[in-house]
2 protein chains.
Amino acid sequence: MKSNITMKDIANKLGVSSVTVSKALSNKEGVSDELKTKIKKLAEDMGYRYNTAAKSIKDGLSYNIGVLIPERFTGINQSFYMTVYQHISLHLEQYGYFGILNILSSEEEESLSFPRLYNEKKVDGIIILGQVSKPYIETIQSMDLPKLFLDFYDEHSAIDSIVSDNFYGAYEITNYLIRNNHKKIAFVGNIYSTSSIQDRFLGYYKSLLEHGLTLDPQFILNDRDKRGTYIDIVLPKETPTAFVCNCDQVAYNLYDRLNTLGYRIPEDCSVVGFDNDIYATLTSPKLTTVAVDIEKMAQLALKTIMDKIDNPDHKNGRIQVQGKIIIRDSVRTL
Amino acid sequence: MKSNITMKDIANKLGVSSVTVSKALSNKEGVSDELKTKIKKLAEDMGYRYNTAAKSIKDGLSYNIGVLIPERFTGINQSFYMTVYQHISLHLEQYGYFGILNILSSEEEESLSFPRLYNEKKVDGIIILGQVSKPYIETIQSMDLPKLFLDFYDEHSAIDSIVSDNFYGAYEITNYLIRNNHKKIAFVGNIYSTSSIQDRFLGYYKSLLEHGLTLDPQFILNDRDKRGTYIDIVLPKETPTAFVCNCDQVAYNLYDRLNTLGYRIPEDCSVVGFDNDIYATLTSPKLTTVAVDIEKMAQLALKTIMDKIDNPDHKNGRIQVQGKIIIRDSVRTL
DNA sequence: CTGAAAGCGCTTACAG
DNA sequence: CTGAAAGCGCTTACAG
């Protein structure tokens, strides 16, 4: 099987023109059925493969979508974004597209450089998966390409985004704790860190408000520093009966902390998380949490970016995807 | 900033030819330094982006590497291959390449269809990450493209492969158990399932042989069915004092099983794993295991595939990357 | 139904 | 040092 068969090669063998071969292989009008069949058969036999690059250069599309993940979200213990990427990659199939992963290094983010993906016109659109710094958002905004934020958003930015419904998710799971007669409920997370955490915090707060519970500032527990590195969680003087953690991994960290201090879960303290990722089922007891609908987020993200490729003026604004509470064994009824 | 600036646009503005612009931007000989600087400056100002597709069509290279992962290795709880993919994606940077993930569906694997990645000439080489069926190996072999097996190999296939040193890794961790005075040591894994598991089993066996211990067939415990789905692990009549699990996830499953049956780890039973993935540190007690050098595997895989792109006759054969034992808390000295 | 011509954006080989 | 010509593999618009 010779390398690099082109339409011309097929055309020559059959004594027709490459235009005819092109039409036949892409099922266009204007070729007799007989010839069409003959061409397809020969193409198959010769091991012909379509050269996408040639098409790309014609219509200015790469048929690739870029997924940009900031380096700090790609640690060995943070499989969430890779799982999202996996779903995206799977659904790209139905659009005839492929996905290119570009991990954004911290240096690039700080020096505000464009991702290589962009400089080399490798993609027709780009999904930014995971919060980037404010200045870098401007860099992204200046890119001449359809773009979409996934799993975060920025108030000042006009860029479309798709997020899980952090606010109502946290609201509902806090309601669940209150229905189980908890009153001293702490929130675990750095509420200045990302918009997701902030929204989850506010959902938690809304639930407290609705139930006439006061928000004790001591019950907002920090889980990470400014750069996103996890820190030891410091418990307040009075131990809460329940903890709303901003994500499952932090719930996992909290389990450790509580165990070390001699508290049993859920006998002494109830804990809930958010994300329903691998940490939720690997802990003991298994974690009650809010499941993010990764499937739907990936699907919507692709639909949106494809719409924008077709029509650059297409606007979706911020779309929130509802999650659902998964009840496991980490909450006790008081 | 106008969309789609080309070299011609820059050339027109400066009253030079596009050939000169091409030379200037790629730092070729034959343009005065003065003009070169002027061209680069203008390109920057105009927001020019290089069109890789045009280059692709010239030299027949896509500057992409494909990573093919069989669907069954991409479950929510199987982050290992995604981690490997992540490392690959990171190292691709230094070659000026990008990575395209193609998850191979079970239907494609069964119907022996080429991955879409191949049919559309999207990549210059392909890394198959995770064992595929024997018939599908032949399909891969018939692909007219540099290819490499990562984390598995096939004896009949002439395709280069990079694997972690399963044999010696298992050998050494079994030695470690024996040094801790264990004598009744079981192996957990379906030894007909993949070459990795087989090799790990044989390393375990070598250790037994060397220490004059007999291999009791009842001490080979099955962990999965033919299709790779995990099954309940059935313990032998006489309980071993130690278990060599073929991977960390199975060790995790075994922990569950042993706990249910009332055995404590490591007081009653010692357990070791393989891979040092997320399961190793999320279990309690933390798992003593063999760390696979993902970093080095990814690096070698890329080096090899790039060598093959440069020279299709390049042959590496099977390369084994040494792992190392990570001692944690799941083994007790008898 | 079939095909010659032109063009997508770049590079290479050659001429001046 | 600079550029006209040809070509990579395909498609589109048009002519026959």
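The values are calculated or read from the model by the stated rules, or taken from the named source; none is laboratory data. Everything numeric here is computed off the predicted structure, so don't read it as measured data. Methodologically, a virtual Cβ is constructed for each residue, glycine included, from the backbone with ideal geometry; neighbour enumeration extends over all protein chains shown. Please note that ligands, DNA and RNA were not included when accessible areas were found on the heavy atoms of the full protein model with its side chains. Shrake-Rupley method; radii C 1.70, N 1.55, O 1.52, S 1.80 Å.
Quick notes on this structure:
- Computed over protein heavy atoms with a 1.4 angstrom probe, the accessible surface ordering of A:T214, A:T281, largest first, is A:T214, A:T281.
- A cut-off under 11 angstrom between Cβ atoms defines the neighbours of A:L300, and their net charge, with Lys, Arg +1 and Asp, Glu -1, is -2.
- Near A:G262, once Lys and Arg are set to +1 and Asp and Glu to -1 for all other residues with Cβ below 13 Å from its Cβ, the sum equals -1.
- When the GluC sites (Glu not before Pro) in segment A:230-334 are filtered for DSSP coil states and for at most 14 other beta-carbon atoms within 10 Å of their beta-carbon, the remaining sites are A:E238, A:E267.
- Net charge of Cβ neighbours under 10 Å - reference A:L90; Lys, Arg +1; Asp, Glu -1: -3
- Converting the Cα gyration tensor eigenvalues of segment B:1-97 into ellipsoid dimensions via √(5λ) gives semi-axes, longest first, of 39, 14, 13 Å.
- Distances from A:A291 to itself in the other copies, using label points 7 Å out along the Cα-Cβ axis, amount to 3.5 nm in increasing order.
- Solvent-accessible area assigned to carbon and sulfur over segment A:166-292 amounts to 49 percent, based on a 1.4 Å probe.
- Karplus-derived HN-Hα couplings along segment A:233-243 (A = 6.51, B = -1.76, C = 1.60, θ = phi - 60°), whole Hz, x at Gly and Pro: 7, 9, 7, x, 4, 8, 6, x, 8, 8, 10
- Average partner coverage of B:122-129, which counts Cβ from other chains inside 10 Å: 1
- Dmax and Rg, reported as Rg then Dmax, of the protein assembly as shown (C-alpha, Å): 28.0, 88
- Residues along segment B:46-66 losing 10 Å² or more of accessible surface when the other protein chains are present rather than the chain by itself (probe 1.4 Å): B:R49, B:Y50, B:N51, B:T52, B:A53, B:A54, B:S56, B:I57, B:N64
- Tensor-based shape of segment B:186-227 (alpha-carbon gyration tensor, a/c under 1.5 rounded, otherwise prolate or oblate): oblate
- Shielded by partner chains, segment B:84-103 residues - at least 10 Å² of accessible area, 1.4 Å probe, vs chain alone: B:Y85, B:Q86, B:S89, B:L90, B:E93, B:G96, B:F98, B:G99, B:I100, B:L101, B:N102, B:I103
- Interface residues of segment A:271-288, defined as those with an accessible-area decrease of at least 50 Å² between the chain by itself and the complete set of protein chains (probe 1.4 Å), are A:I278, A:L282.
- Antiparallel bridges, percent of DSSP beta bridges restricted to the protein assembly as shown (to nearest 5): 10
- In range of the label at B:E71: residues from segment B:104-128 whose backbone nitrogen is under 16 Å from the point 7 Å along Cα→Cβ: B:104-117
- Under a 5 Å amide H cut-off, with hydrogens placed 1.01 Å from N, A:I325 pairs with A:A291 among residues at least 5 apart or on other chains.
- Whole-percent pair-distance distribution, where bins are 10 Å wide, for the alpha carbons of segment A:104-179: 17, 43, 22, 12, 6, 0
- Taking every protein chain into account, the 1.4 Å probe leaves B:K206 with about 60 Å² of accessible area, to the nearest ten.
- Dipole magnitude of the protein assembly as shown, debye to nearest 20 (Cβ charges: Lys/Arg +1, Asp/Glu -1, about Cα centre): 900
- Share of pairwise Cα separations in segment B:47-125, more than 15 Å, in percent: 63
- Normalised Debye scattering of segment A:7-50 at q = 0.17, 0.27 Å⁻¹ gives log10 I(q)/I(0) of -0.35, -0.93, counting only Cα atoms as equal scatterers and leaving out solvent.
- Exceedance of the 26 Å cut-off in Cα-Cα distance is limited, within the set A:K122/B:K147; A:K28/A:K55; B:K226/B:K286; A:K55/B:K28, to B:K226/B:K286; A:K55/B:K28.
- Both chains summed, the buried accessible area for B and A stands near 4900 Å², from protein heavy atoms and a 1.4 Å probe.
- Inter-chain Cβ neighbour count for B:202-215, averaged per residue, equals 0 (cutoff 10 Å, partner chain atoms only).
- Chain B: antiparallel DSSP beta bridges as a percent of all, rounded to 5: 10
- Segment B:166-292: mean projected area of Cα convex hull, nm²: 6.9
- Taken over the C-alpha atoms, chain A has Rg and Dmax values of 25.6, 88 angstrom.
- Dipole orientation for the protein assembly as shown: of the candidates A:Q86, A:I178, B:T194, A:Q86 has the Cα lying most toward the positive pole (charges on Cβ; Lys, Arg +1; Asp, Glu -1).
- Of A:T288, A:T20, A:T194, the residue with the greatest mean-square motion in the GNM of chain A, using alpha carbon springs below 10 Å, is A:T20.
- Tensor-based shape of segment A:257-318 (alpha-carbon gyration tensor, a/c under 1.5 rounded, otherwise prolate or oblate): prolate
- Per residue, the accessible area of segment A:118-161 comes to 31 Å² when a 1.4 Å probe rolls over the protein heavy atoms.
- Label point of B:R227 (7 Å along Cα→beta-carbon): distances to the other copies' equivalent points are 4.7 nm, sorted ascending.
- Probing with 1.4 Å while keeping every protein chain in the model, the per residue accessible area of segment B:166-292 equals 42 Å².
- Share of carbon and sulfur in the accessible heavy-atom surface of segment B:7-50 [1.4 Å probe, %]: 49
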